[in-house]
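Comments concern the structure below.
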Amino acid sequence: MSTFHDKVIYQAYPKSFKDTNGNGIGDLNGVKEKLPYLAELGVDMLWLNPFYNSPQNDNGYDVADYTSIDPMFGTWEDLDALVSEANQHGIDLMLDMVLNHTSTDHEWFQKALAGDKKYQDFYILRELQEDGSLPTNWESKFGGKAWSKFGDTNKYYLHLYDVTQADLNWRNPEVRKELYKVVNFWLEKGVKGFRFDVINVIGKDEELKDADDGVGKSHYTDTPIVHDYIQEMNKETFGQHEDIVTVGEMSSTTVENGVKYSRPDRDELSMIFSFHHLKVDYKDGEKWTTIPFDFQELKNILNEWQEGMAEEGGWNALFWNNHDQPRANNRFGDVENYPVETSTMLAQTAHLLRGTPFVYQGEEIGMTNPEFDDLDEYVDIETHNAYKKMKEDGIAHDEAMEIIKQKSRDNSRTPMQWNDSENAGFSEGTPWLNVADNYKDINTENETVSKKIFTYYKELIRLRKEMPIIQEGSYKALELDHPSIFAYVREHEGETLLVLNHFYAEEDAITIPDDLLDKDAAYLIGNRAERTLEKEFKMGPYETAAFLLK
Ligand code: NOJ
């Protein structure tokens, strides 16, 4: 039996979690201070976004030194104390490994720039094509071209993300050896989990060519060699230890590859994040647009991943939120009229699926997008690049701001709302990113007294730990084309779990098949008081209900 299927992982974005020294930036001591809160919630593992030395152009995903702690986050003593106190609460640490690229401030890149051939081969450097065009026509995922001039040489370096994030040359065995040392370094520090940043783009084609689509993803995404590299990394690092939990962040991946990355006998990773279900409010696949989410598409995607991964023995990470996504409550629910129902329904939809749930800080209290009006309130580099691009494309300022309000990654990066005191109890200084205005209403203190979201999450987490059917049960959708309800059935050792999730405010009903009605049904959990299962099962606004059938 796998060792982690009963676990729930919490993601804290250290910069925005809790500031203990008044510099406006969250820190490791802040995370430590809040461990009792996380223990109360019942989570098993805590994923922390990068806190290594970094110029912070991409909030720490531009790592300048993999085995350091940026002083703004704390010291080695702080980290040791955090690991050991977390362990006392039964919580293990999961760190973020950003191994596809380094900051251009990294010593390796600096040595390369200074002419050191060994380090030049750590990066992907090419000359212009004969016609004077860039080495390839690929685009950076943060806008613009993926190549920039390498110092005053005649070469260009590849950066799939920001110009200050230079892609590493994984084809060079020296690079891989150095990166495995990094993973082993953190294992020795007592870390029990890793989240590998954009790990499916590390294996660029050997020969780099222009892409037919002018974007280039197929030349570096899910290439066969990625699996070899991950297997090698597993063998050289975490695979040598018991019970390490790993999750790969997979950009534009497929179910077929998802299975390969996560099937236990392939010795790659424990599970993967895929993102297709979070693109159902992109118009024609373009993020910087605003359209209502496509519910049928959302269900089709979740269903395809649930079925596909289960059939072949793969394992999904289950999530709606992270530091790169606007708040799911705003995207898929009604935060004005049904905030509690929205949060609990989304939570239940994810937590009772087959896979491992991730809770992103604040979702357990119903945090929302902050709706900043002013472009200056946004810090995120991708947001500012997108604004420039939208202006170039002739989109008016007001419309661009409306889009940013809905799509910016800063929507989920606002400080954690602990209480109704100034800055939501996050910091006594000036927060690096403004706090959302609704903190007087939405905060952890209020939540424990008056509302129901935190306790609901607690219950979902407790149920997972107790019930093998949630951990290991099969998955099958019920009436997949229902216009407003996402219903699914889990089965395990003669028991059935029926989960009904209503994604809209208007009442609707779903017809329950007779074979399910024939069994004894107990209301397991839902966001309404007691419910009885019946043929025409009516559901209220954003209602969720789960029944255990025997
Ligand atoms: C994914 C991370 O989650 C995101 O925040 C970052 O900008 C990119 N990878 C590049 O590292």
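Being at pLDDT 95 or above and in a loop (DSSP other than H, G, I, E, B) is the filter; apply it to the range 442-456 and report the residue that is most open to solvent (accessible area, probe 1.4 Å).
Among them, the one singled out is ILE442.
Within the range 155-165, identify whether any single residue is open to solvent by 20 Å² or more (accessible area, probe 1.4 Å) and free of Cβ contacts under 8 Å to residues at least 24 places away in the same chain, and answer yes or no. It would help to see each step written out before you state the result.
Of all residues in the range 155-165, those open to solvent by 20 Å² or more (accessible area, probe 1.4 Å) come to 155-156, 161, 163-164.
Those still in the list that are free of Cβ contacts under 8 Å to residues at least 24 places away in the same chain too: none.
No, the range 155-165 contains no residue that is open to solvent by 20 Å² or more (accessible area, probe 1.4 Å) and free of Cβ contacts under 8 Å to residues at least 24 places away in the same chain.
Among the residues of the range 342-392, write down those that are crowded, with 23+ Cβ neighbours inside 10 Å and of a type in the set (D, E, K, R).
GLU363, GLU364
Just the residues that are crowded, with 20+ Cβ neighbours inside 10 Å and of a type in the set (Gly, Ala, Ser), please, taken from the range 393-411.
SER408
Among all residue pairs at least 6 apart or on different chains, which show Cβ distances below 7 Å where the first residue, located in the range 382-397, is within 16 Å of PHE142 (Cβ to Cβ) and touching a residue at least 60 places away in the same chain (Cβ under 8 Å) and the second is among the charged types (D, E, K, R) and assigned to a helix (DSSP H, G or I)?
GLU382/ARG409
So which residues in the range 286-325 are more than 19 Å from PHE486 (Cα to Cα) and of a type in the set (Asp, Glu), if there are any at all? Full working, then the answer.
First pass over the range 286-325, keeping only residues more than 19 Å from PHE486 (Cα to Cα): 286-291, 311-315, 322-325.
Those that are more than 19 Å from PHE486 (Cα to Cα) and of a type in the set (Asp, Glu): GLU286, GLU311, GLU312, ASP324.
Taking the stated definitions as given, is THR246 assigned by TED's automatic domain parsing to the domain that holds VAL183 and within 16 Å of the ligand (Cβ to nearest atom)?
yes
Identify, please: which residue in the range 42-51 is farther than 27 Å from TYR161 by Cα and surrounded by 20 or more Cβ atoms within 10 Å (Cβ to Cβ) and is, among those, nearest to the ligand (Cβ to nearest atom)? Write out each step before concluding.
From the range 42-51, those farther than 27 Å from TYR161 by Cα are 42-45; that's our starting set.
Now narrow it down to the ones that are surrounded by 20 or more Cβ atoms within 10 Å (Cβ to Cβ): 43-45.
On the way: VAL43: 20, ASP44: 21, MET45: 17 Å.
Within the range 42-51, the match that is nearest to the ligand (Cβ to nearest atom) is MET45.
Report, by residue number, each residue of the range 511-524 that is part of a strand (DSSP E or B) and either surrounded by fewer than 18 Cβ atoms within 10 Å (Cβ to Cβ) or touching a residue at least 60 places away in the same chain (Cβ under 8 Å) (or both). Working first, answer last.
Of the range 511-524, the ones part of a strand (DSSP E or B) are 511, 521-524.
THR511, ALA522, TYR523, LEU524 - these are the residues of the range 511-524 that are part of a strand (DSSP E or B) and either surrounded by fewer than 18 Cβ atoms within 10 Å (Cβ to Cβ) or touching a residue at least 60 places away in the same chain (Cβ under 8 Å) (or both).
Could you grab me the full set of residues in the range 249-263 that are away from the ligand (no atom under 16 Å from the Cβ), of a type in the set (D, E, K, R) and not in a loop (DSSP other than H, G, I, E, B)?
Across the range 249-263, the qualifying residues are GLU256, LYS260.
Would you confirm whether any residue within the range 535-548 is of a type in the set (D, E, K, R), touching a strand residue (DSSP E or B) at 6+ places or on another chain (Cβ under 7 Å) and surrounded by 18 or more Cβ atoms within 10 Å (Cβ to Cβ)?
For the range 535-548, residues of a type in the set (D, E, K, R), touching a strand residue (DSSP E or B) at 6+ places or on another chain (Cβ under 7 Å) and surrounded by 18 or more Cβ atoms within 10 Å (Cβ to Cβ): present.
Restricted to the range 277-289, and to residues that are open to solvent by 60 Å² or more (accessible area, probe 1.4 Å) and not small (Gly, Ala, Ser), which residue is nearest to the ligand (Cβ to nearest atom)?
Step by step, filter the range 277-289, then rank; the result is LYS279.
Tell me which residues, restricted to the range 491-510, are surrounded by fewer than 15 Cβ atoms within 10 Å (Cβ to Cβ) and out of contact with any Gly (no Cβ under 8 Å at 6 or more places or on another chain).
Within the range 491-510, GLU493, GLY494, GLU506 qualify.
Looking only at the range 278-333, which residues are part of a helix (DSSP H, G or I), of a type in the set (Gly, Ala, Ser) and in contact with a strand residue (DSSP E or B) (Cβ under 8 Å, 6 or more places away or on another chain)?
none
Got a sec? Which of TYR61, TYR37 is touching a residue at least 60 places away in the same chain (Cβ under 8 Å), within 16 Å of the ligand (Cβ to nearest atom) and farther than 24 Å from ASP243 by Cβ? So that I can check it myself, show each step before the final result.
Working: TYR37 fails: within 16 Å of the ligand (Cβ to nearest atom).
The conditions single out TYR61.
Here is a list: TRP320, TRP288. Which entry is assigned by TED's automatic domain parsing to the domain that holds ALA396 and touching a residue at least 60 places away in the same chain (Cβ under 8 Å)? Break it down stepwise before answering.
Working: TRP320 fails: touching a residue at least 60 places away in the same chain (Cβ under 8 Å).
Of TRP320, TRP288, the one residue that is assigned by TED's automatic domain parsing to the domain that holds ALA396 and touching a residue at least 60 places away in the same chain (Cβ under 8 Å) is TRP288.
LEU128: in contact with a Lys or Arg (Cβ under 9 Å, 6 or more places away or on another chain) and either in the same structural domain as GLY248 (by TED's automatic domain parsing) or within 16 Å of the ligand (Cβ to nearest atom) (or both), yes or no?
The answer is no for LEU128.
Looking only at residues in the range 184-214 that are without any contact (Cβ under 8 Å) to a residue 60 or more places away in the chain and not charged (D, E, K, R), which one is surrounded by the fewest Cβ atoms within 10 Å (Cβ to Cβ)?
Keep residues of the range 184-214 that are without any contact (Cβ under 8 Å) to a residue 60 or more places away in the chain, which gives 184, 187-188, 203, 205-207, 212-213.
Narrowing further to those that are not charged (D, E, K, R): 184, 187, 203.
On the way: ASN184: 15, LEU187: 17, GLY203: 22.
The selected residue is ASN184.
Report yes if ARG354 is in a helix (DSSP H, G or I), of a type in the set (Lys, Arg) and away from the ligand (no atom under 16 Å from the Cβ), otherwise no.
no
Just name the residue that is nearest to the ligand (Cβ to nearest atom) out of those in the range 86-106 that are open to solvent by 10 Å² or more (accessible area, probe 1.4 Å) and of a type in the set (Asp, Glu).
Among residues in the range 86-106 that are open to solvent by 10 Å² or more (accessible area, probe 1.4 Å) and of a type in the set (Asp, Glu), the one nearest to the ligand (Cβ to nearest atom) is ASP105.
Please determine, by comparing only the residues of the range 52-85 that are within 27 Å of ILE199 (Cα to Cα) and β-branched (Val, Ile, Thr), which one is most open to solvent (accessible area, probe 1.4 Å).
THR67
Hey, can you tell me all the residues within the range 295-306 that are closer than 30 Å to ASP398 by Cβ and surrounded by 15 or more Cβ atoms within 10 Å (Cβ to Cβ)? Break it down stepwise before answering.
Step one: of the range 295-306, the residues closer than 30 Å to ASP398 by Cβ are 295, 297-298.
Listed by number, the residues that qualify are PHE295, LEU298.
Given the criterion touching a Lys or Arg at 6+ places or on another chain (Cβ under 6 Å) and either within 28 Å of VAL335 (Cα to Cα) or not assigned by TED's automatic domain parsing to the domain that holds GLN296 (or both), identify the matching residue among LEU478, LEU524, LEU497.
Among LEU478, LEU524, LEU497, only LEU497 is touching a Lys or Arg at 6+ places or on another chain (Cβ under 6 Å) and either within 28 Å of VAL335 (Cα to Cα) or not assigned by TED's automatic domain parsing to the domain that holds GLN296 (or both).
Need the failing condition index for SER484 against (1) surrounded by 16 or more Cβ atoms within 10 Å (Cβ to Cβ); (2) in contact with a Leu (Cβ under 8 Å, 6 or more places away or on another chain); (3) in contact (Cβ under 8 Å) with a residue 60 or more places away in the chain; (4) under 23 Å from ASN330 (Cα atoms), just the number.
All conditions are met except number (2).
Looking at the range 64-73, which of the residues that are more than 14 Å from the ligand (Cβ to nearest atom) and in a loop (DSSP other than H, G, I, E, B) is nearest to PHE17 (Cα to Cα)?
PHE73
The values are calculated or read from the model by the stated rules, or taken from the named source; none is laboratory data. This structure is a prediction, so every number in the text was calculated from the model and none was measured. So basically every Cβ, Gly included, is an ideal-geometry build from the backbone, and we count neighbours across all protein chains shown. Only protein heavy atoms, including side chains, enter the accessible area calculation; ligands, DNA and RNA are left aside. Shrake-Rupley method; radii C 1.70, N 1.55, O 1.52, S 1.80 Å.
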